[in-house]
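A short write-up of the structure that comes next.
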Amino acid sequence: MTACRICGSHIAKASYEASAPALTSMMAFIDIPTLAYVCDDCGHAQGADLPDLESFYDTSYRISLESDDHDQIFAMAADGTPIYRADHQAAIGLRLLDLPQGATILDYGAGKATTLRKMCTARPDLHPHVFDVSRDYMPAWDGWVTREDQATYTVPEAWAGRFDAIISHFVIEHVVDPVSFLKTLRALLTPGGRALLSMPDVAANPGDMTVADHLNHFSRASLKRAFQLSGFALETIDGDAFPGAFFAIAIRSEEPVAIDRNGQEISVAAAKAKEICTFWKQATKRLDGAAKQFSGKRAAVYGSGFYGSWICSRIEADVDFRVFLDQNPKLQGSTHLNRPVLAPANLDDNVDVVFVGLNPLKARTAIAGQAVLNRPGLDLVWIDG
């Protein structure tokens, strides 16, 4: 039995369980089982605690430090040009926050703070601050954020009530106590200040349910409850601006916030989370069978992100897995899990089978237009069968 991280209700048993190792969002394996619990009282889903959590984020979670311009592709433009995540997040932030001239803004859980830096490039009047639980990112902040506006490990007491706005991108899914996390953000805002948070939408990106360091898998229902319990008036939850994620805007309230218990919304959210857990049970069984079916065959995995890494862990003992394929030009020419990452166009004619490691809700559309992956004699294996 475990307690829900949002409402505190008891959850009798896990809805999904897989033996160790578990896979993190950094595509690293850790020696713990993968667990997913679903709360019927608020519609929240959550994973198990990580061992030595503070050390993990201080020394192991080194996101985007591979190079100065490392970024992730958000989408492909009509002309085939990649659109990168930080650019898209910056544009969303400037649009949704509608910041006043000279606004003081904090990136909480900043990492390299690439999104905030792009916002400040577009709006030089903004006064940026950054905070993270690691010192590894400080070289990326120097030169555009003054040292007195940087903080690591502990937020300065002098920052209480300072900020017109806070952004926190893809952080809250990692924290043990999301409600306390949001209360911390509220205390840093001026009265009426606004917070913009992004986090995965597990219903639109079902792979998130199995990410070991994503301790929280939010539904709209559980996200609303978390903001309400933290003293925020929720303004909007945008699930369209960034497919596969929620962007939420909330305002620091000076009045008590009513708790909205929408039973139907909660029930639908819990049912969807349990459906995703069932999908992963079936996908694991399906992929294990495909690995046996293509035993000894020359294979590639399309996608060097989470889905592709998960596939690697299931097939490498059986198939002759040689390369990853990825559309991101900033990853092409690198290695991942000791294998080269190539552009799809460079797929060797000798490869017999490609395992498609993409979000199953989008995979077939992404593959349909690529002639090299639709040549006669090449087998494609999909996570969803």
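The values are calculated or read from the model by the stated rules, or taken from the named source; none is laboratory data. Not measured: the values here are computed from a predicted model. Heads up, the Cβs are rebuilt from the backbone with ideal geometry, glycines too, and the neighbour counts pull from every protein chain shown. With ligands, DNA and RNA removed, areas are computed over all heavy atoms of the protein, side chains included. Shrake-Rupley method; radii C 1.70, N 1.55, O 1.52, S 1.80 Å.
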Of 148-156, 248-256, ordering from highest average Cβ density within 10 Å down gives 248-256, 148-156
The farthest towards the positive end of the charge dipole of the chain, of the residues VAL133, LEU347, LEU116, given +1 on Cβ of Lys and Arg and -1 on Cβ of Asp and Glu, is LEU347
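With a 1.4 Å probe and every protein chain left in place, work out the accessible area per residue of the chain in Å², rounded to a whole number. Display every interim value, and only then the final one.
Working: 16860 Å² over 385 residues.
Accessible surface, normalised per residue, equals 44 Å².
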Taking only Cα atoms of the range 293-360, the Rg to Rh ratio with Kirkwood Rh works out at 0.93
Pseudo-spin-label distance HIS127 to TRP144, built 7 Å along Cα→Cβ, given in nm, is 2.0
Heavy-atom accessible area of the range 284-357 with neighbours in place, 1.4 angstrom probe: carbon+sulfur share in percent works out to 43
Sorted by chain and number, the residues with a modelled amide H under 5 Å from that of ALA103, at a separation of 5 or more or across chains, are HIS127
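What order, most packed first, do the peptides 264-276, 222-234 have when packing is the mean number of other Cβ atoms within 10 Å of each residue?
222-234, 264-276
Students often get this wrong, so check it: of LYS285/LYS330; LYS183/LYS272; LYS13/LYS330; LYS224/LYS362, which have C-alpha atoms separated by over 31 Å? Could the numbers behind the result be given before it?
Numbers: LYS285/LYS330 33 Å; LYS183/LYS272 28 Å; LYS13/LYS330 42 Å; LYS224/LYS362 27 Å.
Pairs exceeding 31 Å: LYS285/LYS330; LYS13/LYS330.
Using the Cα centre of the chain as the reference point, and only Cβ charges (+1 on K/R, -1 on D/E), how large is the resulting charge dipole? Debye, rounded to the nearest 20. Show your work: numbers first, answer last.
On the way: 35 positive and 47 negative charges, 143 e Å.
Dipole of the chain, to the nearest 20 debye: 680 debye.
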Going residue by residue through the range 137-144, the Karplus relation 6.51 cos²θ - 1.76 cosθ + 1.60 with θ = phi - 60° gives ³J(HN,Hα) values, rounded to whole Hz and with x marking Gly or Pro, of 8, 4, x, 6, 8, 4, x, 9
Restricted to the chain, the DSSP antiparallel beta bridge percent, nearest 5, is 45
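Helix-only mean residue ellipticity at 222 nm, the chain, DSSP H runs n ≥ 4 weighted -39,500 (n - 2.57), per residue, nearest 500. What is it? Mind dumping the intermediate values first?
Working: 8 runs with 94 residues, N = 385.
Mean residue ellipticity, 222 nm, calculated: -7500 deg cm²/dmol.
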Highest GNM mean-square fluctuation among GLY239, GLY369, GLY109, for the chain with Cα springs under 10 Å, belongs to GLY369
